[in-house]
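This report concerns only the one structure given below.
The values are calculated or read from the model by the stated rules, or taken from the named source; none is laboratory data. All figures in this text were calculated on a predicted structure; none of them were measured in a lab. Don't worry about glycine lacking a Cβ; one is built from the backbone with ideal geometry, like all the others, and counts go over all protein chains shown. Just the protein is used for accessible areas: all its heavy atoms, side chains included, with ligands, DNA and RNA removed. Shrake-Rupley method; radii C 1.70, N 1.55, O 1.52, S 1.80 Å.
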Amino acid sequence: TTASGSELSTTSQNVTITLTGTNDGPVLITGDLQGTVTEDDVSTTLTDSGSFTITDKDQNDTHSVDSVSFNNDVVWHNWNNSDTFILADSLKTQLAAGFNATASGWGYQIANDAVQFLKGDETITFSYDVTLKDNSGVGASDSTTETVTITINGTDDTAVVKHLVVDSEVITGWTPPD
């Protein structure tokens, strides 16, 4: 705008403003990150599950699991953690295989007979890292990783007599009276 005397003249100029957005990664705001199953005399399969709630400033993003990694941190211990025991690698593999995750939660299952050896004061714990990502990004800042810990509790199982020997005769399937 210029002014000379009583005249005022104006000039228009277009101004371009460019807003460049960036991808905001997902954030896990709530979730059940602890799973617990207890071996028993009844169930064939032991299961537990939990859910995730994810927020993302980019409202149109969708979310998925980028990776699930078993942390290979299996610990078998007694009730006060004063003793730890060694598990066979084949059982560790079986324990690890029962986990799955989606963008909305996780699930775990193990065959009950695989953990029947646990006593009432013993537990097995291990964990998985679950990485969730959105569909807009490609970098680590476009994802969130949380750890889900699984605990398997033992119980004192009732003793069962499979064979009873009476006067040198084997009686199979005998159950003591109440």
Worksheet item: What accessible area, in Å² to the nearest ten, does a 1.4 Å probe give for SER9?
Response: 60 Å²
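Give me the extension gain from ALA97 to SER12: residue separation times 0.36 nm, minus the current Cα-Cα distance, reported in nm with one decimal. Mind dumping the intermediate values first?
Values: separation 85, 0.36 × 85 = 30.60 nm, distance 6.87 nm.
Roughly 23.7 nm would be gained on extension.
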Discussion item. For ASN135, what residues show an amide H to amide H distance below 5 Å, using hydrogens built from the backbone and excluding near sequence neighbours?
Written reply: THR62
Item to complete: For THR36, enumerate residues with amide H under 5 Å from its amide H, sequence gap 5+ or separate chain, H modeled in the peptide plane.
Response: THR151
Item to complete: Give me the accessible area of ASP58, 1.4 Å probe, in Å² rounded to the nearest 10.
Response: 40 Å²
Worksheet item: What's the percent breakdown of Cα-Cα distances in region 57-107 across 5 Å bins, shortest bin first?
Response: 4, 14, 19, 16, 15, 12, 8, 5, 4, 3, 0
Practice prompt. Tell me which residues come under 5 Å, amide H to amide H, from GLY105 once H is placed; ignore anything under 5 positions away on its chain.
Written response: PHE52
Fill in: From phi via Karplus (6.51, -1.76, 1.60), per-residue ³J(HN,Hα) for region 68-81 in Hz, x at Gly/Pro
10, 10, 6, 7, 6, 10, 5, 10, 10, 9, 7, 4, 10, 6
Response to the item:
With all protein chains present and a 1.4 Å probe, the order of LYS133, LYS119 from largest accessible area down is LYS119, LYS133
Practice prompt. Using label points projected 7 Å from each Cα along Cα→Cβ, tell me how many nm separate THR47 and ASP66, to one decimal.
Written response: 3.0 nm
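Rounding to the nearest 20 debye, state how big the charge dipole of region 19-68 is about its Cα centre with +1 on each Lys and Arg Cβ and -1 on each Asp and Glu Cβ.
260 debye
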